[in-house]
Amino acid sequence: MNEQMANATASWRVFDDITYKKTETSIIVDYSSKFRDLSSSTGTTVNPFVAMAPCGGPIASVYKRSGTGLNDVKYTVIVQNLPKHNMKLREFDRGILILVDWTINEDLLLVTEDGKYHIMDIFHYNTSNDKSITLSESVSTISSACTFKTNSGTGLVALRKNQDGFVAVKNVYLPIIQTISLNLDPRSVISAWCVIDHADITLAYAYENIIVTCSTISSRRDSQTIPGITDTIVKLISSSNYKSIAMLKDNGDVLIGLKENLGQPQAFILKYTSNNDKNKITDIAWCGSDTVIGIRSSSKTWFDLLIINGKHSQSMTEKSQQAITNDTLCYTSPVWLSTEIDGVRIISGQTLDFFQRLPDEVFNIFDLLSNSPGAKLYSAYMDYKYENQMAEMLLNQLKSSRSTNGLEEAVKQCIAGASNEQDPSIQKILLKAALFGRAFLSVNLNNPKNSIRPTVSLINDLCTNVIRDLRLINNLQHINISMPITYKQFELIGSHILIDRLLRRNLHEFATSITKLLRMPPEEGENRILVQWAVQE
């Protein structure tokens, strides 16, 4: 039993009294050594654009290459994390890139400074599927851009280089151009901005120590001076649920605030300060919606990831500052981060990791001091497995003379714990514990005649669905599929989008087996797959 507990908690790490978990999901190839900066006397490697498609999607690394002419710029696009660890290579020469990202359809989105964006279908070598769209004929060259993703599509916002406004599209496939005009003092420079609400494309931008919000549906501009800020705000990012905003200053300080508190005093709270250390945080990213990851480079071969609690109400203390500084994740190659709804993907060298704040459903079961119903049921099952009489005592604690709510809750917690766990061996143990507890739910020892309870059928359905979905998710991580997603990410994209992704990878047979496993209607599943396969070039 202790061995099983140790296996479940082996990958746990505690940062600032909060438990996190890091999982290596895949191995990728580092091509940086093949691309050298010819203008550098030392021949240093080119710093590429790196973009990771959400929910276990492909990874693009875009390397800049010098062309034959002075202004002739070309890029090499390398796409990884594909079935059977295959790699795809494409060339791009239609402008100077300022942003590389993915759409929710897993098309590569490349934005160039001439005010255009290009949609590249990386799953087909036929370039006829690629598109180039001009944001606006009147748009001057743009200096920066960012995407936002919704269930209805992928949106894009760009800042004009002369800083007279933003230009935006809510769906890059159906571009309806919207503009947001700005009336900034010519001496003011926008140093950071981000999308804080995708419904009406609301933005927050910073200049000096002032943050201003604006949107496409209103000409109103709400500005707020952030007290105590003397350094330039270099980055603003929204959490995955768009409820919180993280701010990085030029001196490496990190502040976090709630979107709903913008305009109020103390909207942002200092969560970490570098104390003017030369090894300061240079970039930040959200880990889900409750943690901020900061990248600090000590040298060209040493990179620290600082874990910062994203809860807005908890201000920095001397203890938390010390914990953040001392307890870090260390990498020996440059690091790139990509936010997911339940964590963050980390690329460094040849490793692709998934880092997340440990879900309460898992922590409450395996924590040594936990007294939750799920922890008791798990212990009871392990005692039963090893023929220990403690199992009966724990079951009696869960069962009540009048009801079995304690046992019902224990079964649900073990099922929830299994769905939030990524190790198949731990999933099996938790599901077996849930099935063990379910067996005692079916019988009321005090009233055998009324032994079948209404909730038992609901728990049966819940258990069956989770087992089915976990079987699917675990198969998606196989090298022949290479789509490492979590249970929450699977719930987010749904079965329809999952089938679309498999079809783009030409995995028609596997997609068909999934439709049968999920018992999808033929028009949504098998028939649609056969039609797509028939017209596949």
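The values are calculated or read from the model by the stated rules, or taken from the named source; none is laboratory data. Keep in mind that this is a model prediction, so the values were computed, not measured. Here Cβ is always computed from backbone atoms with ideal geometry, including for glycine, and neighbour counts include all displayed protein chains. Accessible surface areas use protein heavy atoms only, side chains included; no ligands, DNA or RNA. Shrake-Rupley method; radii C 1.70, N 1.55, O 1.52, S 1.80 Å.
How would 393, 483 rank on accessible area, largest to smallest, probe 1.4 Å?
Sorted descending by solvent-accessible area, the residues read 393, 483.
I'd like to know how segment 362-536 sits against the 2.2 N^0.38 Å rule of thumb: what's its Cα Rg over that expected value?
This ratio for segment 362-536 stands at 1.25.
Starting from the 7 Å offset along Cα-to-Cβ, what nm value, one decimal, do you get for the label separation of residue 277 and residue 261?
Each label point is offset 7 Å from its Cα along the Cβ direction, giving 2.5 nm.
What share of all Cα pairs of segment 118-268, in percent, falls into each consecutive 5 Å distance bin?
Values per bin, smallest distances first: 2, 8, 18, 21, 19, 14, 9, 5, 3, 1, 0.
Using Cα pairs closer than 8 Å and at least 6 residues apart in sequence, work out the relative contact order for the chain, in percent.
10 percent
Find how much the distance from residue 299 to residue 317 grows on full extension, using 0.36 nm per residue of separation minus their present alpha carbon separation; answer in nm with one decimal.
Once the chain is fully extended between residue 299 and residue 317, it gains 3.7 nm.
Can you list the lysines whose alpha carbon is less than 18 Å from that of residue 300, not counting same-chain residues fewer than 8 positions off?
In chain and number order, the partners are 34, 278, 280.
Give the separation of the Cα centroids, segment 453-482 to segment 136-215, in Å.
41 Å
Please work out the Kirkwood hydrodynamic radius for the chain, using every pair of different C-alpha atoms, and report it in angstroms with one decimal place.
25.7 Å
Per residue, how much accessible area does segment 466-537 show when a 1.4 Å probe rolls over the protein heavy atoms, in square angstrom?
I get 53 Å² per residue for this part.
Under a straight-distance cross-link criterion of Cα-Cα below 20 Å, which lysines are reachable from residue 259, leaving out those fewer than 8 residues away in the same chain?
Within the straight-line cut-off, residue 259 pairs with 149, 235, 243, 249, 271, 311.
Using a basic spin-label model with each label point 7 Å from the Cα along Cα→Cβ, how many nm lie between residue 94 and residue 222?
3.8 nm
Treating cross-link reach as a plain straight distance, find the lysines whose alpha-carbon is under 24 Å from the alpha-carbon of residue 385, omitting any fewer than eight places away in the same chain.
Counting by Cα, and skipping residues close in sequence, residue 385 has these lysines nearby: 376, 399, 412, 428, 432.
Probe radius 1.4 Å, ligands and nucleic acids ignored: give me the carbon and sulfur share of the accessible area of the chain as a rounded percent.
The nonpolar share, carbon plus sulfur, comes to 49 percent.
Once you have the Cα-Cα distance between residue 200 and residue 27, take 0.36 nm times their residue separation minus that, and quote the gain in nm to one decimal.
Using 0.36 nm per residue and subtracting the Cα-Cα distance, I get 58.4 nm.
Among 26, 326, 92, pick out the residue whose Cα is farthest towards the positive end of the charge dipole of the chain, where Lys and Arg carry +1 and Asp and Glu carry -1 on C-beta, about the Cα centre.
With unit charges placed on the Cβ atoms, the residue in question is 26.
Determine the calculated [θ] at 222 nm for the chain from helices alone, applying -39500 (n - 2.57) to every DSSP H run no shorter than 4 residues and normalising by the residue count; nearest 500 deg cm²/dmol.
The per-residue figure over the chain is -8000 deg cm²/dmol.
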